[in-house]
Amino acid sequence: TWRTGEAAPEREWGTPIISPTGPVDAALTVLIEMPERDDATENRLLTGKSGRLFDRMLAAIGLDRDRVHVASIAAARPVSGRVPREAVAPLSAITRHYVGLLKPKALLLLGNGPCQVMLEDLCQNARGGLRPLNHVGASVAVASFHPQQLLERPQLKAEAWKDLQML
């Protein structure tokens with residue numbers, strides 16, 4: 001509750017807070033930047049078309065949502081769709097601490113936001129290998145594209161498949 005309670009930086013945005021899902025002791029944690037517009041309807045991250053694609057991505061590597069932990073850097077979606085500049089540093093620190101508490105064996109970073117917070121690089125530059133993450137307790141990180149980006153640019157799906165196979 002400390003992450004989504006009254007002290008959460010996102011509370012002042014006036015939009016629904018979406019809690020992480022999945023077992024906290026999961027070997028794989030998936031990190032996205034923020035909830036999507038439709039996620040508040042189901043009170044769950046990665047719903048709608050991108051959620052269905054995400055579920056298929058997990059199935060392709062022999063996993064499902066019951067076996068992975070899914071979290072976001074921002075627990076709410078700002079009305080503007082962009083995290084306010086003044087919230088980036090506190091949310092980044094909270095996210096690194098949160099991942100450190102989880103200590104997953106692997107971290108799947110979907111999109112630029114998670115890659116910048118955890119690897120200090122853009123997704124496109126961070127892709128293509130297993131990245132060590134000893135500073136937060138996770139063994140390795142794999143960077144890939146957010147499912148929404150894959151829906152908008154299907155030609156990236158082959159690259160995302162390569163990323164998933166590393167897990």
(request) Would you point out the residue of the stretch 67-102, among those that are assigned to a loop (DSSP other than H, G, I, E, B), buried (at least 17 other Cβ atoms within 10 Å of the Cβ) and hydrophobic (A, V, I, L, M, F, W, C), that is modelled with the lowest pLDDT? (result) V83
(request) Could you pull out every one of the helices (runs of 4 or more DSSP H) wholly within the stretch 107-167 that has 1 or more residues that are without any contact (Cβ under 8 Å) to a residue 24 or more places away in the chain and of a type in the set (D, E)? (result) 147-152
(request) Considering only the stretch 1-57, state which residues are open to solvent by 70 Å² or more (accessible area, probe 1.4 Å) and hydroxyl-bearing (S, T, Y). (result) T1, T41
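The values are calculated or read from the model by the stated rules, or taken from the named source; none is laboratory data. Just so we're clear, the structure is a prediction, and the values are computed from it rather than from any experiment. Glycine also receives a Cβ, built like all others from the backbone with ideal geometry; neighbour counts cover every protein chain displayed. Surface areas here come from the heavy atoms of the whole protein model, side chains and all, with no ligands, DNA or RNA. Shrake-Rupley method; radii C 1.70, N 1.55, O 1.52, S 1.80 Å.
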